[in-house]
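**Student:** Questions regarding the structure given below will be posed in turn.
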Amino acid sequence: MTENILNIEGLKTYFFTEAGIVKAVDDISFNLKKNESLGLVGESGSGKTVTALSVLRIVPKPGKIIDGKVEFNGDDLLEKTEKEMQKMRGSEIAIIFQDPSSSLNPVYNVETQLRDVILAHQTVPKAETRKKVIELLEVVGIPEAETRMREYPHQFSGGMKQRVAIARALACEPTLLFADEPTTNLDVTIQAQVLNLLNDLKKKFNMSLVMITHDMGIIAEMTTRIVVLYAGRVCEIAKTHDLFERPRHPYTEALLAAVPRLDMKKTLRIIPGNIPNLIEPPSGCRFHPRCKHAKNTCKEKIPVLEEIEPEHFVACHEWQNISLKGERKH
Amino acid sequence: MSSGRSITRSFSSLLGSAMFRYIVRRLLYMIPVFLGISIISFFVMYAAGDPLSIIRIGKPDITQETIESLKIYYGLDKPVPIQYLNWLTNLLQGNFGKSLRGGRPVNLLIGSWAWETVKLQLISILLAFAISIPIGINSAKKQYSKQDVAVTSISLFGVSMPTFWLGIILIIIFSYQLGLLPSAGSRGAPYLWWDNPILDQIAHLIMPVAVLVYVMLAQNIRLIRANMLEILRSDYVLAARASGLSERKVIYKYALRNAIGPVITYLGISLGMIIAGAPMTEYVFSWPGLGRRYVTAAMELDFPVVMGITMIITMMTLIANLMIDIAYVYIDPRIRLR
Ligand SMILES: Nc1ncnc2c1ncn2[C@@H]1O[C@H](COP(=O)(O)OP(=O)(O)OP(=O)(O)O)[C@@H](O)[C@H]1O
Ligand code: SF4
Ligand SMILES: [Mg+2]
């Protein structure tokens, strides 16, 4: 058995808004093996970001983690004090956000922002932090690091900004990295470069990676295993290859069918139906209002995640009775 | 030797810097603004009435002859444009003319008044900032908590409360009823606990400063709270937390610098009024500053004094605004000098 670096069990994170309780993450469980690249996919609003923020325990107000376990190398992070958590953030677990233009502070230069992260976790003399900052910027492929580190975020292009954000995340060599749609806001040509960089760095720093995206194309390239989320719950967990070829959950099938494939000249198809309201989510299986295979039980009983073959988990009442279409991986 | 050379070098690099060119350009722009304001105020005022007619009220038996000779003495017999040119020529030589009430040089009067106003305002502004920043931040951090609701409603009260009324209430309570504080002026005879020159000045400052701070505080807190609320929800604050920075660093370094910009802008916009000495407050506390004298001089139709104060206020406002724009460049690197 390989060791798990991360073990999430029954995680629930709710937002207590004036309109009602938003059950953004509602009983999510999955794990991450050491050095693995795991994909976290699902439509917008399915709870991907909130899951990552919950692991770091930085869910913004009025959100609150109300139940579950988040074991990191065997220790439950939800049991730790705020002070202990602060030490883990950035040094053990780091995150890269979707939009580098908003995730970098506009009023401090790059050196200051990277230096503050280093100094938050290590006591090093000033000359040494400067050397470290330059090294980091070189590692993420920023030319003329020594002059550019004195510049401000708005002086960098989108791709370069994301490289700076990556450098910040890697400043203290974390062992677990969340990449939350790191290329969604970038040009297509830049996307590939940044993804390659992430892949290289993951190997170089021996990291475990959780890749968050709703782009099935990226997920196929970047990951070896996938967790599919729908409306705050897990639908299916499988090896990337299995999931693409033999999806067992109707929602996964719909996601795959929506992938735009250049070679097939297929345009982006949107999954029919609406993303459910998370204040009063559909009863039973949350996907039932949009599912072609829904039966009466689906409206009444919540399907549990079961292992239907080694390392392939599905939460669907009907999985044995339906046959679904996958995508042949090129 | 070497330090002398490096000073020369840094001086020449200053001369060539974008900031230096910017400041020179801004100072040059002030000339037309300054002239424009002086022309408008001069003509509006001299069209408003005959400054000597008011003398008749005090001295009903004054002769027409005396008035005519006074007119000639003050140069009021000439056409208004000529009077303006005379006034301007004198001003360029640093001479604001003589007061129509008593004939004392305006320069002399304004000098001490301006100092009193600057002292009062500077202390109030600094105090208002020092108090409003932590309160605004805390209020935003604990949005909708009891403390936040209290602060928000008290500051709404502050925005809408007339300063005149607040000043009078303070005087009634602290001067007349409790006898704890002097009610008028900026200094006076040693008395009670303020029996040395320094305590005396402090005692006189307390109530006017309290009123000015209270008024600014309300506005400042509301601005800082609103900005902070937005910034605390931003990605860069979340990212700073995610990097393991301490809460103090996240708030006071990463968030605050972004929140302070709009407050400085607001200060710039309201500077005119602040420098004018918040005349009401000065009036209520008989503060010997520009603001109160402005009101008195206008009522007495003492045109040279009114013009002098107008020009001083204009200049202070223009220079303070320039200083704020420069400060802004240092606070927010995205702002480019144009
Ligand atoms: N601050 C908040 N207040 C209230 N609800 C929130 C807040 N943040 C997130 N949510 C809710 O939590 C749910 C999950 O959001 P989350 O950001 O995790 O989605 P996501 O899967 O990352 O989507 P996307 O692909 O758009 O990033 C959404 O329904 C959202 O409305
Ligand atoms: S449980 Fe029912 S509704 Fe849910 S995905 Fe399976 S078949 Fe569809
Ligand atoms: Mg998201």
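**Student:** Just checking, how many residues over the range A:57-88 are in contact (Cβ under 8 Å) with a residue 60 or more places away in the chain and within 11 Å of another protein chain (Cβ to nearest Cβ)?
**Tutor:** Residues flagged as in contact (Cβ under 8 Å) with a residue 60 or more places away in the chain and within 11 Å of another protein chain (Cβ to nearest Cβ) within the range A:57-88 amount to 0.
**Student:** Within the range B:262-272, identify whether any single residue is modelled with pLDDT of 90 or more, in a helix (DSSP H, G or I) and of a type in the set (Ser, Thr, Tyr), and answer yes or no. Show your work before the answer.
**Tutor:** Start the filter on the range B:262-272 by keeping residues that are modelled with pLDDT of 90 or more, which leaves none.
For the range B:262-272, residues modelled with pLDDT of 90 or more, in a helix (DSSP H, G or I) and of a type in the set (Ser, Thr, Tyr): absent.
**Student:** Moving on to the next point. Kindly provide the set of residues from the range A:1-26 that are without any contact (Cβ under 8 Å) to a residue 24 or more places away in the chain and either near ligand 1 (Cβ under 10 Å from one of its atoms) or within 14 Å of chain B (Cβ to nearest Cβ) (or both), ordered by number.
**Tutor:** Within the range A:1-26, just A:18 meets the criteria.
**Student:** Which of the residues that make up the range A:143-164 are of a type in the set (Val, Ile, Thr) and buried (at least 19 other Cβ atoms within 10 Å of the Cβ)?
**Tutor:** Across the range A:143-164, the qualifying residue is only A:164.
**Student:** Here's something else I'd like to know. Return yes when residue B:249 is surrounded by fewer than 20 Cβ atoms within 10 Å (Cβ to Cβ), touching a Phe, Trp or Tyr at 6+ places or on another chain (Cβ under 9 Å) and part of a helix (DSSP H, G or I) and no when it is not.
**Tutor:** Here the answer is no, as residue B:249 does not meet what is asked.
**Student:** Then there is this: Determine if the range A:27-50 includes at least one residue that is under 30 Å from residue B:144 (Cβ atoms) and within 13 Å of chain B (Cβ to nearest Cβ).
**Tutor:** yes
**Student:** Between a first residue in the range A:279-293 that is farther than 17 Å from residue A:314 by Cα and a second residue that is surrounded by 18 or more Cβ atoms within 10 Å (Cβ to Cβ), which pairs have beta carbons less than 6 Å apart while being 6 or more apart in sequence or on different chains?
**Tutor:** A:279/A:22; A:281/A:231; A:282/A:276; A:282/A:288
**Student:** In the range A:1-35, what residues are more than 18 Å from the chain's Cα centre (by Cα) and surrounded by fewer than 18 Cβ atoms within 10 Å (Cβ to Cβ)?
**Tutor:** A:1, A:2, A:3, A:16, A:17, A:18, A:19, A:20, A:21
**Student:** Also, quick follow-up: Limited to the range B:231-273, what total is found for residues that are more than 7 Å from every other protein chain (Cβ to nearest Cβ) and among the hydroxyl-bearing types (Ser, Thr, Tyr)?
**Tutor:** 4
**Student:** Quick one: residue B:188 ticks every box in (1) touching a residue at least 40 places away in the same chain (Cβ under 8 Å); (2) surrounded by fewer than 15 Cβ atoms within 10 Å (Cβ to Cβ); (3) touching a His at 6+ places or on another chain (Cβ under 8 Å) bar one, so which box is it?
**Tutor:** (1)
**Student:** Being closer than 30 Å to residue A:28 by Cβ and more than 16 Å from ligand 2 (Cβ to nearest atom) narrows it down to one of A:137, A:56, A:119, so name that one. Don't jump to the end; show me each part of the working.
**Tutor:** Working: A:137 fails: closer than 30 Å to residue A:28 by Cβ; A:119 fails: closer than 30 Å to residue A:28 by Cβ.
So the residue among A:137, A:56, A:119 that is closer than 30 Å to residue A:28 by Cβ and more than 16 Å from ligand 2 (Cβ to nearest atom) is A:56.
**Student:** Which condition number does residue B:169 fail, the rest of (1) in a loop (DSSP other than H, G, I, E, B); (2) more than 21 Å from the chain's Cα centre (by Cα); (3) away from chain A (no Cβ under 14 Å) being met?
**Tutor:** So residue B:169 meets the others, but not (1).
**Student:** Within the range B:307-338, work out how many residues are among the charged types (D, E, K, R), away from chain A (no Cβ under 14 Å) and not in a helix (DSSP H, G or I).
**Tutor:** Initial filter on the range B:307-338 (among the charged types (D, E, K, R)): B:325, B:332, B:334, B:336, B:338.
So of that shortlist, the ones also away from chain A (no Cβ under 14 Å) come out as B:325, B:338.
Of the ones still in play, those that are also not in a helix (DSSP H, G or I) are B:338.
Matching residues across the range B:307-338 total 1.
**Student:** Residue by residue through the range A:133-161, note down the ones that are in a helix (DSSP H, G or I) and within 12 Å of chain B (Cβ to nearest Cβ).
**Tutor:** The answer is A:153, A:154, A:155, A:161.
**Student:** Against the condition over 17 Å from the mean Cα position of the chain (by Cα), farther than 26 Å from residue A:11 by Cα, modelled with pLDDT under 95 and within 14 Å of chain B (Cβ to nearest Cβ), how does residue A:100 come out, does it pass?
**Tutor:** When the stated conditions are applied, residue A:100 does not pass them.
**Student:** Among (1) modelled with pLDDT of 85 or more; (2) hydroxyl-bearing (Ser, Thr, Tyr); (3) in a helix (DSSP H, G or I), there is one condition residue B:286 misses while meeting the rest; what is its number?
**Tutor:** With (1) modelled with pLDDT of 85 or more; (2) hydroxyl-bearing (Ser, Thr, Tyr); (3) in a helix (DSSP H, G or I) applied to residue B:286, the lone miss is (3).
Quick grid of which residues meet (1) among the acidic types (Asp, Glu); (2) surrounded by 14 or more Cβ atoms within 10 Å (Cβ to Cβ); (3) within 23 Å of residue B:289 (Cβ to Cβ):
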site: B:133; (1), (2), (3): no, yes, no
site: B:181; (1), (2), (3): no, yes, yes
site: B:195; (1), (2), (3): yes, no, no
site: B:222; (1), (2), (3): no, yes, no
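**Student:** Suppose we filter the range A:103-113 for residues that are touching a Leu at 6+ places or on another chain (Cβ under 9 Å) and at the interface with chain B (Cβ under 7 Å from one of its Cβ atoms); how many remain?
**Tutor:** Summing the residues that are touching a Leu at 6+ places or on another chain (Cβ under 9 Å) and at the interface with chain B (Cβ under 7 Å from one of its Cβ atoms) in the range A:103-113 gives 1.
The values are calculated or read from the model by the stated rules, or taken from the named source; none is laboratory data. Note that the structure is a prediction, hence the values are computed from the model and not measured. In this analysis, Cβ positions are derived from the backbone assuming ideal geometry, glycine residues included, and neighbour counts consider all displayed protein chains.
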